1. Select from region 317-367 the residues that are of a type in the set (A, V, I, L, M) and outside any helix (DSSP H, G or I) and write down the one among them that is surrounded by the most Cβ atoms within 10 Å (Cβ to Cβ).
2. Just checking, does region 413-431 include any residue being surrounded by fewer than 17 Cβ atoms within 10 Å (Cβ to Cβ), free of Cβ contacts under 8 Å to residues at least 12 places away in the same chain and not aromatic (Phe, Trp, Tyr)?
3. What do you reckon, is residue 609 in the same structural domain as residue 56 (by TED's automatic domain parsing), under 18 Å from residue 188 (Cβ atoms) and of a type outside the set (S, T, N, Q)?
4. Suppose we keep only residues that are of a type in the set (A, V, I, L, M) and not in a loop (DSSP other than H, G, I, E, B) within region 51-71. Which one would you say is surrounded by the fewest Cβ atoms within 10 Å (Cβ to Cβ)?
5. Let me confirm something: among 103, 153, 141, which residue is under 19 Å from residue 540 (Cα atoms) and either surrounded by fewer than 19 Cβ atoms within 10 Å (Cβ to Cβ) or not assigned by TED's automatic domain parsing to the domain that holds residue 241 (or both)?
6. Give region 82-100 a look and list any residue that's crowded, with 20+ Cβ neighbours inside 10 Å, farther than 13 Å from residue 411 by Cα and in contact with a Leu (Cβ under 7 Å, 6 or more places away or on another chain), or say none.
7. Evaluate the following for residue 121: is it within 30 Å of residue 510 (Cβ to Cβ), out of contact with any Ser or Thr (no Cβ under 7 Å at 6 or more places or on another chain) and modelled with pLDDT of 95 or more?
8. Checking the conditions here, which among 134, 193, 130 is under 30 Å from residue 509 (Cβ atoms), out of contact with any Phe, Trp or Tyr (no Cβ under 8 Å at 6 or more places or on another chain) and in a helix (DSSP H, G or I)?
Amino acid sequence: MKPSLLGLALSLVALPGLRAEEGMWTFDNLPLASMKEKFGFAPDQAWLDHARLSSLRFPGGSGSFISADGLVLTNHHVGRDHIQAVSGQGRDLVKNGFVAATRDQEIKVPGLELYTLVAMEDVTARVAKAAPEARQAELGRIQKEIQDRTGLRSEVVKLYQGGEYWIYSYQKHTDVRLVMAPEVRMAKFGGDADNFTYPRFGLDFALFRVYEDGRPYHPKAHLAWATEGLKAGDLTFVTGHPGSTARLETQAQMLASRDVAWPERIRALDALRGALVDYGRRSPEHQRQVAAQILNVENSLKAMNGYLAGLKDAEALARLAKAEQDLRAQVEADPALKAKAGGSWDAIAKAMEVRNALWREQALVDTCNSTLLGHALTLVRLPEQAALPGARRLAEYNDANVEATRRRLLVDRPYHPELETALFTHGLKSALEGLGAAHPFVQAMLGGQSPEAVAKAAVAGSRLGDPAVRKALLEGGREAVLASRDPMLLLARKLEAPNRLLRQRIEDEVNAVVAEHGGRIAGARFRIFGKGVYPDATFTLRLTYGAVSGYPANGTHIQPFTTLHGLFDRALAWGPEAEGGAWSLPARWWERKGRLALETPYNFAHSVDIIGGNSGSPVLNRKGELAGLIFDGNIESLAGRYYYDARVNRGVSVDARAILEALGKVYDAQHLVKEITTK
């Protein structure tokens with residue numbers, strides 16, 4: 001029976017040829033025939049390998065090598081926390097920007113690690129031989145085996161809700177230095193009001209450099225800068241790391257997200273934003289400490305509200321429900337598929353009831369926004385988890401991941417005790433309000449005191465903000481941790497058991513059920529549709545493609561390009577005071593306006609299928625050259641977490657021509673222009 005999956009619900013199966021631009025495709029399963037059919041071009045293996053090896057994964061985002069000397073391009077907002085980390089009192093690099101005039105001036109970023117995908121290995125057959133309850137342990141063994149064999153960082157990648165398992169192996173880069181960043185006003189031009197909208201005028205880029213053995217690193221591949229600019233209708237490719245989509249989820253999972261998960265997350269994040277804003281009002285220095293975090297929280301809030309709005313679209317949800325009904329009918333009509341997956345939708349629905357009931361408790365029985373309590377919990381758990389069989393360990397403490405957990409514990413990041421106290425107080429208040437004073441966790445953490453008193457005493461008495469102290473405790477092992485009277489370690493011991501038991505219950509009653517039955521549904525989908533289905537995003541390297549194109553909105557048609565002329569026009573139209581200066585330009589942009597070719601394309605929209613995590617992804621032309629930089633999607637793209645609508649879903653990118661124009665004529669960084677344009 002031919003599947004009837006039209007309109008928005010096509011995202012569930014992504015059949016090639018029906019929606020050519022749809023899909024965040026893995027590099028082992030690209031719809032090359034569809035590309036060729038629609039655009040008259042499909043990349044060959046050499047093109048794909050070069051793009052893959054040039055691509056980088058950042059924490060929470062993407063990037064790429066753009067020179068033979070390890071220069072890296074990403075978004076300002078992807079690098080913002082790291083730019084903040086190398087700022088200091090009297091030197092606000094987020095606000096004022098930064099250009100390293102020489103390589104000696106490039107600033108090492110503490111704790112920043114970048115990853116290049118080197119190899120991918122399908123281990124589905126090996127995992128399938130293990131009993132369902134033993135699969136996590138088997139995956140851990142395989143991951144460790146491959147990591148030991150290759151010497152690379154290996155990660156388990158679950159695709160198609162457990163229909164496939166892969167091990168991705170990465171080269172890790174740990175010496176990363178800041179090279180250039182524009183002012184946050186340029187990167188975030190228009191503020192939260194313009195975020196996830198189009199037309200846009202954002203210079204959202206930053207440059208870093210990877211070093212090895214104290215010298216600039218020479219990558220195996222890097223992207224050449226485009227010699228010709230894009231125009232409307234041109235084919236573009238994006239290689240990056242989309243974080244998470246839920247297009248293959250069941251209706252029960254989507255409804256649980258609509259009714260519980262997203263409202264709870266939005267409520268909690270909005271409250272955190274309030275706490276950060278209140279802290280920033282104390283002084284300019286307090287504001288500097290939290291400015292980047294506030295922007296990140298506001299970005300997440302707008303995205304989450306967009307995801308929720310997508311699930312509240314009754315027409316779209318009805319089409320998704322119809323697609324699920326069609327798939328279930330085909331499973332019911334096949335005796336073998338029915339025996340395997342016929343009951344899987346109901347099993348997942350029951351698991352969602354458990355998740356809904358535990359959601360708030362799981363979120364609050366945690367480290368309460370405290371970095372120090374997080375360090376303490378890691379120190380408590382490392383020896384305890386090491387004593388357990390591999391199958392019973394939490395994921396971050398298994399043989400393949402425990403060294404990374406240890407390294408993260410020892411990273412020397414900026415620490416502000418007053419901010420730590422404010423955030424811990426907020427977290428404890430949230431637990432008290434959300435769980436009630438009678439909840440055992442609340443009683444254990446507060447001991448009859450106020451959240452303010454507990455947070456103030458714990459932060460003031462703790463030495464865990466010092467990485468040397470954490471290192472000594474780590475090296476001292478279980479005995480040193482048990483002997484310590486550090487107040488954060490004492491609190492961590494109270495937190496460890498209830499947090500672990502909740503995590504275990506979620507794992508057993510929710511995650512394991514979804515993994516098992518999601519895998520069964522995926523197997524049925526494979527049987528019916530083959531691998532024309534693309535997997536949901538998993539923050540692993542994907543390729544998506546589409547044309548530079550506008551779209552209909554607000555009774556008109558949005559053109560695909562904006563220009564530098566439009567940037568100045570928008571700044572003048574709003575004036576410097578609107579929304580706290582959201583559309584104001586730094587003085588040097590006005591001073592150097594006469595140098596600029598104002599007709600230069602600035603931002604552009606294209607029909608690529610992206611989501612959060614793609615930020616910082618390179619935009620490639622047919623030659624595999626860098627033609628732009630993904631930094632956002634329009635508001636319509638947020639529903640793309642659940643379905644893709646080719647009419648209006650657009651990625652938003654900085655044009656490569658605008659980056660060169662700004663570097664050379666505003667920031668006096670001709671040395672960087674020369675480096676990235678040298679063949």
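1. Here is the first cut: in region 317-367, the residues of a type in the set (A, V, I, L, M) are 317-318, 320-321, 323, 327, 329, 331, 333, 336-337, 339, 341, 347-349, 351-352, 354, 357-358, 363-365.
Next, from what is left, pick out any that are outside any helix (DSSP H, G or I): 333, 365.
Details: 333: 10, 365: 25.
If we take residues in region 317-367 being of a type in the set (A, V, I, L, M) and outside any helix (DSSP H, G or I), then 365 is surrounded by the most Cβ atoms within 10 Å (Cβ to Cβ).
2. no
3. Values: in the same structural domain as residue 56 (by TED's automatic domain parsing): yes; under 18 Å from residue 188 (Cβ atoms): no; of a type outside the set (S, T, N, Q): yes.
No, not satisfied.
4. Within region 51-71, the first condition is being of a type in the set (A, V, I, L, M), and the residues that meet it are 51, 53, 56, 66, 68, 71.
Next, only the ones that are not in a loop (DSSP other than H, G, I, E, B) stay: 51, 53, 56, 71.
Details: 51: 22, 53: 18, 56: 31, 71: 22.
Only one residue tops the list, namely 53.
5. Details: 103 fails: under 19 Å from residue 540 (Cα atoms); 141 fails: under 19 Å from residue 540 (Cα atoms).
From the options 103, 153, 141, the qualifying one is 153.
6. 83, 87, 98
7. On the way: within 30 Å of residue 510 (Cβ to Cβ): yes; out of contact with any Ser or Thr (no Cβ under 7 Å at 6 or more places or on another chain): yes; modelled with pLDDT of 95 or more: yes.
So residue 121 fits the description; yes.
8. Working: 193 fails: under 30 Å from residue 509 (Cβ atoms); 130 fails: in a helix (DSSP H, G or I).
Every option except 134 fails the conditions.
The values are calculated or read from the model by the stated rules, or taken from the named source; none is laboratory data. Since this is a predicted model, take the numbers as computed values, not measurements. Positions of Cβ are backbone-derived with ideal geometry, glycine not excepted, and every protein chain shown enters the neighbour counts.
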